[in-house]
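This report concerns only the one structure given below.
The values are calculated or read from the model by the stated rules, or taken from the named source; none is laboratory data. Since this is a predicted model, take the numbers as computed values, not measurements. Cβ coordinates were reconstructed from backbone atoms using ideal geometry, including for glycine residues, and neighbour counts include every protein chain displayed.
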Amino acid sequence: MDLRKMTVSQLREMLISRKISASELLSVHLERIERSQLNAYITLNDKAMEAAREIDRRISSGQELPPLAGLPIAVKDNISTKGLRTTCASKMLENYIPPFDAGVVEKLRSAGAVIIDKTNMDEFGMGSSSENSTFGPVRNPRDPSRSAGGSSGGSAAAVCAGEAVLALGTDTGGSVRQPSSMCGVVGIKPTYGSTSRSGLIAFASSLEQVGAIGRTVADAALLQGVISGPDPMDPTCVIKVKPKNSIQGTLSGLRIGVPKELFGEGISDLTKDVVMRALSFMERHGAKLIPLSLPELRYSVSCYYMIASAEAASNLGRYDGIRFGHASSEHSSLAELFRNSRSEGFGREVKRRILLGTYVLSAGYAEKYYRRAASMRAKICSGFETSFSKCHMIASPTATGVAFPLGIKRDDPTELYSADICTVPANLAGLPAISFPCGSGEGGLPIGIQLVGRKFAEDQLFSAAYSFESLSGGYEQLITSGGV
Ligand code: GLN
């Protein structure tokens with residue numbers, strides 16, 4: 001019996017019928033982590049076994065079990081966990097132990113989850129390869145010489161490799177969806193305002209949300225349902241996504257928009273081909289494909305990098321070595337303490353974003369850059385609105401290609417930035433978006449398809465993805481049969 005291939009509902013069934021205990025389930029995962037070469041986690045939770053034993057006590061006393069009871073779940077290392085080190089993969093927060101839990105972590109704990117570890121990532125979430133980590137790069141379980149994607153590369157790799165049953169990632173411009181695509185798992189970026197950001201260490205507050213990663217659509221939907229919902233500690237978090245305990249899906253009557261701008265230049269031909277084949281498969285099963293044009297999407301990457309960097313420069317201003325973060329031991333004045341702490345504590349990419357963000361916000365340039373980006377963002381939002389009068393959801397590839405070899409994209413950051421073309425629009429517009437595997441490309445590596453929905457229509461995305469998954473037999477089936 002390979003526990004790695006089991007779904008949440010199968011594992012739950014085994015726990016309830018006592019075929020396996022929560023502590024045994026945790027041990028299996030810990031053993032796998034011990035043998036792992038993936039570098040998917042930064043810190044193990046030394047209280048995990050205690051939490052698992054508590055669930056075992058509840059099982060033996062016949063108590064009703066909450067939805068995630070006894071499941072080992074990994075949490076990205078920019079989400080605060082009380083008493084458990086949270087570094088953002090940065091030297092700046094290398095020794096930070098949060099005194100409180102993030103809103104989503106509180107929800108995880110009350111759902112009975114066993115937090116197994118804190119996963120590796122790009123520093124502060126800035127990047128798309130999980131190579132910008134002070135703890136070294138994450139390797140892709142499907143080919144360890146390649147990147148797992150990023151910035152939630154550790155979370156996607158852990159779920160793919162069976163080092164966790166489920167994981168939380170965060171998505172500011174694609175960081176849940178792109179690594180999910182590259183590792184062949186399912187990842188969701190929920191509607192802005194559905195999931196608490198309290199205790200999420202901020203990168204770009206107007207863009208980011210915490211999202212679930214699972215091996216199946218139902219697994220990811222269950223986890224997202226658990227963590228979403230209003231939180232008094234986050235005034236922007238107002239509505240719970242509809243929980244999907246039993247998803248049923250049909251593609252019949254579903255209108256799927258296909259924007260030509262997201263099937264154009266910069267996306268590998270094989271990726272476009274595999275995604276188009278998946279869409280034709282959905283069409284054969286009752287969906288209707290609607291050709292669309294959203295010309296403003298051509299500007300979404302530039303717009304995203306200006307807004308995200310501006311917000312990052314402002315959010316990261318707090319790390320000065322006094323109030324927060326690493327303090328340099330070399331200084332002879334206050335100004336030097338600030339300068340040296342920030343120079344030593346932040347990595348190259350984070351410094352680049354702070355410089356860019358400070359520039360686009362500076363007097364004389366804010367009008368030219370930041371404000372123009374903000375008005376382009378409004379155009380992107382209304383472009384989506386118009387499109388949603390013609391279709392229920394919008395499809396595209398998630399990433400521009402399959403997972404790339406580690407090290408090859410380190411020198412030119414703009415090359416990685418432009419590869420975010422398909423994912424950043426949903427963040428700019430605050431819309432929900434799911435990525436799930438739809439076939440494989442170069443080297444037999446996974447390719448993900450993305451569906452972007454109307455605000456708070458996560459249930460429609462889950463249903464459509466679930467239908468595809470069940471009709472095609474799921475990803476492991478897809479790779480053996482050569483696709484749909
Ligand atoms: N790749 C994007 C960036 O580097 C997205 C990051 C994210 O979603 N956290 O900003």
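Worth pointing out:
- Failed item, numbered, when Met282 is tested on (1) part of a helix (DSSP H, G or I); (2) more than 30 Å from Leu251 (Cβ to Cβ): (2)
- The residue that is farthest from Ser90 (Cα to Cα), among those in the stretch 325-361 that are among the small types (Gly, Ala, Ser) and within 16 Å of the ligand (Cβ to nearest atom), is Gly357.
- Failed item, numbered, when Glu261 is tested on (1) under 27 Å from Phe281 (Cα atoms); (2) away from the ligand (no atom under 16 Å from the Cβ); (3) in contact (Cβ under 8 Å) with a residue 40 or more places away in the chain; (4) surrounded by 15 or more Cβ atoms within 10 Å (Cβ to Cβ): (3)
- Hey, Thr386 assigned to a helix (DSSP H, G or I), surrounded by fewer than 20 Cβ atoms within 10 Å (Cβ to Cβ) and in contact with a helix residue (DSSP H, G or I) (Cβ under 6 Å, 6 or more places away or on another chain) or not: no
- Selection within the stretch 139-176 - of a type in the set (Val, Ile, Thr) and within 28 Å of Arg12 (Cβ to Cβ): Val159, Val165, Thr170, Val176
For every residue, the table says whether it meets (1) away from the ligand (no atom under 16 Å from the Cβ); (2) in contact (Cβ under 8 Å) with a residue 40 or more places away in the chain; (3) surrounded by fewer than 20 Cβ atoms within 10 Å (Cβ to Cβ); (4) farther than 23 Å from Ala40 by Cβ.
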site: Met182; (1), (2), (3), (4): no, yes, no, no
site: Gly187; (1), (2), (3), (4): no, yes, no, no
site: Thr191; (1), (2), (3), (4): no, yes, no, yes
site: Ala212; (1), (2), (3), (4): no, yes, no, no
site: Gly253; (1), (2), (3), (4): yes, no, yes, yes
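- Considering residues of the stretch 113-128 that are among the small types (Gly, Ala, Ser) and under 14 Å from Ala204 (Cβ atoms) only, the residue nearest to the ligand (Cβ to nearest atom): Gly125
- Asn45 vs. criteria crowded, with 16+ Cβ neighbours inside 10 Å, under 19 Å from the mean Cα position of the chain (by Cα) and either at pLDDT below 95 or not hydrophobic (A, V, I, L, M, F, W, C) (or both): no
- Evaluation of Val275 against the conditions (1) modelled with pLDDT under 95; (2) crowded, with 19+ Cβ neighbours inside 10 Å shows that the sole unmet condition is (1).
- Count - residues of the stretch 148-167 that are away from the ligand (no atom under 12 Å from the Cβ) and either within 16 Å of Met182 (Cα to Cα) or in a loop (DSSP other than H, G, I, E, B) (or both): 13
- Among residues of the stretch 400-415 being out of contact with any Pro (no Cβ under 9 Å at 6 or more places or on another chain) and at pLDDT 95 or above, the one that is nearest to the ligand (Cβ to nearest atom) is Thr400.
- Arg353 buried (at least 24 other Cβ atoms within 10 Å of the Cβ) and either over 27 Å from Ala287 (Cβ atoms) or modelled with pLDDT under 95 (or both): yes
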